[in-house]
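The values are calculated or read from the model by the stated rules, or taken from the named source; none is laboratory data. Nothing here was measured: the structure is a model prediction, and the numbers come from that model. Here the Cβ is made from the backbone with ideal geometry for all residues, glycine too, and neighbour counts use every protein chain on show. Ligands, DNA and RNA are stripped out before the accessible areas are found, and what is left, the full protein with its side chains, is counted by its heavy atoms. Shrake-Rupley method; radii C 1.70, N 1.55, O 1.52, S 1.80 Å.
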Amino acid sequence: MGDHQPHFDYEIIKEYCGAKSLRIAVLSVHGCPLARGGRKDAGGMNVYVLETSQRFTERGAQVDVFVRRHDAVDPLIVPIGQQARVVHMSVGSPSDDKQDLFVHIPDFVHAVEEFRRSEAVNYDLVVSHYWLSGLAGLDLSAEWDVPHVTSFHTLAEVKFRARPGEREAPERVASERRIAREVDRIVAWSQNEQRSLTTLYGAQTSRVEVIPPGVDTSRFIPMDSLESRQKLGLGLGRNILYVGRLDKLKGLDILLRAVAGLEDMPDVRLMVVGGTVGDQETTDLRTLARELGIETRVDFLGSVDQALLPRYYAASDVCVLPSHYESFGLAALEAAACEKPVVASNVGGLPSIVLSGETGYLISWQCPGPFATCIELLLENHYLRRSLGRAARKHATTLTWDASVDALMLLY
Ligand code: UDP
């Protein structure tokens with residue numbers, strides 16, 4: 001499971017902290033680490049919670065991840081690691097939309113406290129993800145008198161600026177401001193996010209730590225492209241790959257228009273991995289592909305289990321993330337770890353993953369032309385793809401989950 005040896009000696013840290021074993025309550029109200037990535041409301045955050053929680057326990061911590069029960073048949077407790085478990089709280093209805101969860105936060109807090117009492121345990125630390133959990137974290141950390149560390153994952157003020165027309169729960173901005181002011185530490189994923197937190201939300205710089213997420217470089221490895229195409233039942237033509245949720249913020253309309261602009265490359269296909277076949281987002285994108293006359297060149301593949309994703313990266317020639325906003329961009333890092341060049345928007349955390357001209361290209365305009373130009377350049381040039389891909393893998397090995405979790409444990 002591990003990518004590298006830990007950089008720190010945890011026995012010394014534990015002794016120094018006077019703690020035999022840190023017991024962490026992770027709050028992830030709407031992001032269950034058991035959910036498959038790429039579907040609605042299941043993406044990088046779910047992956048992050050799973051990868052970090054498992055590695056916390058490898059470093060001696062005990063972790064309970066509290067999430068809302070999103071399926072009526074979910075058991076109360078599901079083990080996810082040596083000393084890590086997901087605890088499902090029955091709050092609201094499983095079908096409730098994320099936008100409507102604000103009113104249920106007091107019930108969530110109550111349910112977590114009931115569970116703690118029933119187990120007769122005390123937590124040393126609250127770690128929360130996204131503003132809804134941040135609110136719960138403020139209450140629980142005050143009640144238990146323990147520190148609270150949060151990650152916002154996305155920020156409403158940044159979303160509004162990135163894509164006019166974005167709609168959010170009316171309580172979100174004020175809640176994010178309150179959390180940014182009151183929480184003990186914020187873990188931001190990039191310098192860009194740190195800047196947004198201090199300038200747009202008034203967070204104190206000294207309370208914001210930049211600790212990027214990572215990738216498992218032993219799972220996401222370069223693999224034979226031809227063999228992968230055969231295993232996936234793909235033809236031998238050139239492939240562009242998109243991996244992620246089909247949220248409007250991801251800018252897939254830009255990518256479809258860019259593909260439509262590749263008029264001299266009729267063999268080139270676009271593989272869209274993510275979404276659920278038949279959902280509204282996929283239907284809208286299919287309609288756009290039809291309007292652009294490229295419906296036969298785009299495969300909407302739905303979401304894929306993460307264990308299979310390295311095959312899809314291997315079968316592609318170039319990966320594209322045309323996002324309007326991206327707090328980090330795990331898919332870009334996974335592609336890089338698989339030795340694939342990435343063409344991505346120059347937003348959020350993507351500049352820390354894509355080194356423009358070295359491992360792929362960063363595009364500063366959310367419009368199809370520049371994307372098409374860089375995609376075409378890469379598709380036409382095997383040697384360029386190979387050299388950027390190799391540099392991408394090398395860079396990805398500096399951004400591992402183990403390095404990320406080492407830094408988080410030191411902070412905790
Ligand atoms: N993912 C997956 N299956 C899919 C699509 C995506 O497992 O079909 C995973 C992908 O490997 C990545 C995460 O979902 O780890 C998406 O994270 P990213 O940071 O790219 O996007 P976010 O969802 O945070 O906007």
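Which of these, 197, 155, 232, has the largest mean-square fluctuation under a Gaussian network model of the chain (Cα springs below 10 Å)? Judging by the Gaussian network model, the answer is 232. Each residue was assigned an accessible area with a 1.4 Å probe, and for residue 256 the value is about 0 Å². Entry note, the chain: the mean residue ellipticity at 222 nm calculated from DSSP H runs of n ≥ 4, each adding -39500 (n - 2.57), is -12000 deg cm²/dmol after division by the residues and rounding to the nearest 500.
Placing pseudo-labels 7 Å out from each Cα toward the beta carbon at residue 218 and residue 143 gives an inter-label distance of 3.9 nm.
The 3J(HN,Hα) values that the Karplus relation (6.51, -1.76, 1.60; θ = phi - 60°) gives for region 66-75 are, in residue order, 8, 10, 7, 5, 9, 9, 4, 8, 4, x Hz. Gly and Pro appear as x. In the full protein context, the chain carries 42 Å² of accessible surface per residue, based on a 1.4 Å probe and ignoring ligands, DNA and RNA.
Between residue 263 and residue 210, the FRET efficiency estimated from the beta carbon spacing at R0 = 45 angstrom works out to 0.60. Determine, at each q value in 0.10, 0.15, 0.18 (inverse angstroms), the log₁₀ of I(q)/I(0) that the Debye formula gives when each Cα of region 71-223 is one equal point scatterer. Results for region 71-223 at q = 0.10, 0.15, 0.18 Å⁻¹ read -0.43, -0.94, -1.23. With contacts taken as Cα pairs under 8 Å and at least 6 residues apart, region 153-247 reaches a relative contact order of 20 percent. Which angle between 0 and 90 degrees, to the nearest 10, do you get for helix 130-144 versus the longest principal axis of the chain when only C-alpha atoms count? Between the helix axis and the principal axis of the chain, the angle is about 20 degrees. Counting only Cβ charges, +1 for Lys and Arg and -1 for Asp and Glu, the dipole size of region 234-370 around its Cα centre is about 20 debye.
Close amide H pairs (under 5 Å, H built 1.01 Å from N) link residue 251 with 324, residues at least 5 positions away or on another chain. For the chain, a Kirkwood radius taken over Cα pairs fed into Stokes-Einstein (20 °C, viscosity 1.002 mPa s) yields D = 98 µm²/s. Just checking the listed ones, 331, 260, 315: in the Gaussian network model of the chain with Cα springs under 10 Å, the one fluctuating most is 260. These residues, 374, 367, go from largest to smallest accessible area, 1.4 Å probe, as 367, 374. Which of the pairs 231/340; 159/248; 98/250; 40/231; 159/394; 231/394 have their Cα atoms more than 20 Å apart in this structure? With Cα atoms farther than 20 Å apart: 40/231; 159/394; 231/394. Relative contact order, percent, of region 316-412 when contacts are C-alpha pairs under 8 Å separated by at least 6 residues? Computed value for region 316-412: 30 percent relative contact order.
For residue 356, the residues whose amide H sits under 5 Å from its own are 362, ignoring neighbours fewer than 5 places away on the same chain, with H placed 1.01 Å from N. Name the residue from 158, 241, 111 whose Cα lies farthest towards the positive end of the charge dipole of the chain, charges +1 on Cβ of Lys and Arg and -1 on Cβ of Asp and Glu. The residue sitting farthest along the positive end of the dipole is 241. Panel note: the C-alpha atoms of region 269-361, placed on their principal axes, show extents of 35, 27, 22 Å (largest first). Each of 338, 133, 294 was scored by the projection of its Cα onto the charge dipole of the chain, and the greatest displacement toward the positive side belongs to 294; charges sit on the C-beta of Lys, Arg, Asp and Glu. A cut-off of 5 Å between modelled amide H atoms, ignoring neighbours fewer than 5 places along the same chain, links residue 37 with 306. Sequentially through region 334-344, phi angles give Karplus couplings (6.51, -1.76, 1.60; θ = phi - 60°) of 5, 4, 4, 4, 8, 6, 10, x, 10, 9, 9 Hz, Gly and Pro residues having no value and appearing as x.
Residues in region 150-156 carry Karplus couplings, in order, of 10, 10, 7, 6, 9, 10, 4 Hz; the curve used is 6.51 cos²θ - 1.76 cosθ + 1.60 with θ = phi - 60°, and Gly or Pro positions show x.
With the simple model of a label 7 Å out from the Cα in the direction of the Cβ, residue 411 to residue 122 spans 2.5 nm. Comparing 264, 145, 71 in a Gaussian network model of the chain, where Cα atoms under 10 Å apart are tied by springs, the biggest mean-square fluctuation is seen for 264. For region 222-276, with all protein chains in place and a probe radius of 1.4 Å, 49% of the accessible heavy-atom surface sits on carbon or sulfur.
One Cα centroid belongs to region 62-97, the other to region 223-255; the line between them spans 32 Å.
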